1. When you have a sec, figure out the Kirkwood radius of the chain from all distinct Cα pair distances and drop it here in Å to one decimal?
2. Considering only C-alpha atoms, what is the centroid distance from segment 72-113 to segment 189-219, in Å?
3. Among 93, 218, 54, determine the one that fluctuates most according to a GNM of the chain built with springs between C-alpha atoms less than 10 Å apart.
4. Percentage of Cα-Cα pair distances in segment 24-140 greater than 18 Å, rounded to whole percent?
5. Angle check, please: helix 3-30 long axis (alpha carbons) against the longest principal axis of the chain (alpha carbons), in degrees 0 to 90, nearest 10.
6. Kindly express, to the nearest 10 degrees and within the range 0 to 90, the angle between helix 243-253's C-alpha long axis and the longest C-alpha principal axis of the chain.
7. Only Cα pairs within less than 10 Å get springs; with that Gaussian network setup on the chain, which residue of 77, 52, 159 has the largest fluctuation?
8. When the chain is fully extended, how far beyond the present Cα-Cα distance does residue 107 get from residue 197, taking 0.36 nm per residue of separation?
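Here, each number is a calculation from the coordinates, and none is a lab measurement. The structure displayed is predicted, hence computed values, not measured ones. Every residue, glycine among them, receives a Cβ derived from its backbone with ideal geometry; neighbour counts consider all protein chains shown.
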Ligand code: ARG
């Protein structure tokens, strides 16, 4: 092997790397379009921290990345916070969109705009696997200690329908509510059925009862941000009608 030839090769490689790197930096500082996304990463399989890497991942995260790419963003920046901080953060302009398994409700629609629905859920009453608590109606929750996540439809439902007839404990994340259930600090937790199903597969808990609330999840944008909302809706429709949708479901729900 000719030494000069090897040397020339090395120099060429270094040059290519240098140009590549500076090219990157150039785009980053000048024109990279970033979509800032708020979520609450305690809600598997929609958004959660990967146990190995600690990175935020999930169905919603992959979905918003696909949408962002389709509507011309180079990058997505995920901002994790408590669920009840998401709408204030959106209103304050700290994030551009919220995707967090968030139910479209008339109260929320007064303050933010929602995309077309992309998922449905009910509320599940979850107990420890060895529990003999029987729930056949909402009234069976009377006298119980109930764990919920602050600001969620589950929390609102329990307050409205059980109220003072039970002890309601609010947690800032559903992960904390689940821990409280496992530790015996609460008798039941009430949360969205798809997430409850996930918890049943991973922890010693079971679903005692399902409250048919028929909720629809939407992606939220600031009120009046019609341009972004229309773009998101268009992209969402395309994705939901493409094989990408089944792939997402397979990846995060396993079927
Ligand atoms: N769907 C329920 C709601 O909108 C619960 C959502 C909780 N999401 C989360 N990422 N923790 O209130």
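1. The Cα-based Kirkwood calculation yields 20.3 Å.
2. 22 Å
3. Comparing 93, 218, 54 in a Gaussian network model of the chain, the most mobile one is 54.
4. 61 percent
5. In the chain, helix 3-30 runs at an angle near 50 degrees to the longest axis.
6. Rounded to the nearest ten degrees, it is 60.
7. The residue that fluctuates most here is 52.
8. Working it through step by step, the gained length comes to 29.7 nm.
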